[in-house]
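Here is the structure we will look at, set down as C-alpha cells.
The values are calculated or read from the model by the stated rules, or taken from the named source; none is laboratory data. Because the structure is a prediction, the values reported are computed rather than measured. Every residue, glycine as well, gets a Cβ built from its backbone with ideal geometry; the counts of neighbours run over all protein chains shown.
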Amino acid sequence: MKIHEYQAKGVFREYGVEVPHGELATTPQDARAAAQKLGGNVWVVKAQVHAGGRGKGGGVKLSRSLDEVYENASKILGMTLVTPQTGAEGKLVRKVYVEEGLAIARELYLSMVLDRETRTIVIMASTEGGMEIEEVAANTPEKILKEYVDYSVGIQPFHIRNICFGLGLKGDTAKKAMKFMTGLYKAFVEKDASLVEINPLIVTESGDLMALDAKMNFDDNALFRHKDIQGLRDFDEEEPSEVQASKFDLSYVKLDGDIGNLVNGAGLAMSTMDIIKHFGGDPANFLDVGGSADREKVKAAFEIILADKVKAILVNIFGGIMKCDVIADGVVAAAKEVDLNVPLVVRLQGTNVEKGKEILSKSGLAIIPAETMAEAAEKVVKASLGEIQA
C-alpha cells in the first residue's frame, strides 16, 4: 500500500524525523490561504499523486508570492500529471501540498528497504540527492552507500556513522543525523513498511537535516495491525479493478494484455502468465483467487476480468486445499451469472479432478478443456485470435 507525501511526512513527525512545515489544499484559494498561514516569502506547491518524478512533469512549482501560489495551484490541480512512473496515461491531480521554502545547502538521498536476499533492512544513501536513484545506480554506482541492518539487532550507531562519513556529514549535522535515522528506522519497523525513501534529504544552510520529500510503502499483509495506516489509503490513486478485487480478498494486478487469467496460487499464476507469453499471448492480469475460493469469489473474479474487455479467459486450477469439483461448480455458476461471452479455457488438476471435469462437461457452457498447462496456454492464445472454438 502506498500513501501520499504529506501523509508520509505525518508519520515521520510521529517519530521525530524533521520535515518542513506544510499544509494540504484542494483548491487554489486553499493553497493561497495555506501559504499565508505558513508565513515567509517562498513556498513550494506540490502535486499529491502516488508517483515519483513529479517535478519533471510540472507537478512541483516554486512560488515567490501568494498570487504565484494561487496561480501555480490553479495549474497543477486538475491536471493529468505524466511522469516516468505514471505511464503515458498519467494521474489526475486532486490535491496539492503547500510547503515552506528553505535555504538548501546540500541535497542528498536516503532510503530504507527490505532486502530479501540478505534478509536485512538495507539503508541506502547517496550524495546525489534530487536525482533518480536508478540513474545514479546505472551511471555512478560507487556513489550509493549501503548499510545492512540485522532485524533482530536493529540499527546501531556504527551504521549511522558510516552513512554520515560517506555523505560528508560532520559536527552538529552528524549528531542530528543520529536522531533522524534512528527515528526513520523505528518508523519503518513499527509501521511494517516495505520502503521509505527521501529524495532529496536536505541539509539547510543552518545545518539542519530535513526530509524535503517523503515516500512510504507498506506491507499489505501487515495492515491489519495498523488501522491508522489503513485510514490513509486513497482509493482515487488506485486502479479501480484492483480496489474491487481487494473487497473480495483477491490478489489482482491489471496488466496490458488481452487474455484473462483466473488461477489459485501466486506461483501458479506467475507460471501461467509466463507460459501464455511463451505461446505468443499477452496476459491481461495477474489474479490469484487463493485456496478458499467460493462461488461469490469466483463470480467477482470473472466480473473483474471481463470488465477489462479480454478476448479469452484461462482458468488454471490445481486442487489441493481447494478441491477441483468445488472450483468447477463455482466457475459454472459464475460464468452463467455474468453472461460469459468470450472463449473460456479450463485446466483442472488435483483433488477430485474427475468430479470437476464432469461438472464442466455437463454445464452446457462452451468450455474448452485442457489437460496440461502448455495445452491450456496454447489453446487460450488461439482462442483469443479466433482460431479455435469450444
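A few remarks follow.
- A single member of Ile259, Ile275 is farther than 23 Å from Met1 by Cβ, touching a strand residue (DSSP E or B) at 6+ places or on another chain (Cβ under 6 Å), of a type in the set (Val, Ile, Thr) and crowded, with 19+ Cβ neighbours inside 10 Å, and it is Ile259.
- Candidates Val42, Val11, Val19, filtered to the one that is of a type in the set (Val, Ile, Thr), modelled with pLDDT of 95 or more, more than 16 Å from Glu68 (Cα to Cα) and more than 23 Å from the chain's Cα centre (by Cα): Val19
- Filtered residue count, region 262-318, keeping only those that are touching a Gly at 6+ places or on another chain (Cβ under 8 Å), of a type in the set (Phe, Trp, Tyr) and not in a strand (DSSP E or B): 0
- Candidate set from region 202-251 (those that are at pLDDT 90 or above and among the hydroxyl-bearing types (Ser, Thr, Tyr)); member that is farthest from Gly55 (Cα to Cα): Ser206
- All conditions but one from (1) at pLDDT 95 or above; (2) in contact with a helix residue (DSSP H, G or I) (Cβ under 7 Å, 6 or more places away or on another chain); (3) under 29 Å from Glu147 (Cβ atoms) apply to Ala47; the one that does not is (3).
- You will find that of Ala366, Ala334, the residue that is free of Cβ contacts under 8 Å to residues at least 40 places away in the same chain, under 21 Å from Ala307 (Cβ atoms) and surrounded by fewer than 19 Cβ atoms within 10 Å (Cβ to Cβ) is Ala366 and no other.
- Failed criterion for Lys95 (all others in (1) under 23 Å from Glu239 (Cα atoms); (2) touching a Lys or Arg at 6+ places or on another chain (Cβ under 9 Å); (3) modelled with pLDDT of 95 or more hold): (2)
- Restricting region 34-46 to residues that are touching a Leu at 6+ places or on another chain (Cβ under 9 Å) and part of a helix (DSSP H, G or I), the residue that is farthest from Tyr109 (Cα to Cα): Gln36
- Qualifying positions in region 132-150 - touching a strand residue (DSSP E or B) at 6+ places or on another chain (Cβ under 7 Å) and not acidic (Asp, Glu): Ile133, Val136, Ala137, Lys143, Ile144, Leu145, Lys146, Tyr148, Val149
- For Phe279, the test of being aromatic (Phe, Trp, Tyr), closer than 20 Å to Asp249 by Cα and in contact (Cβ under 8 Å) with a residue 12 or more places away in the chain is failed.
- If you filter region 47-67 down to residues that are of a type outside the set (Gly, Ala, Ser) and assigned to a loop (DSSP other than H, G, I, E, B), you find that the one that is surrounded by the fewest Cβ atoms within 10 Å (Cβ to Cβ) is Arg64.
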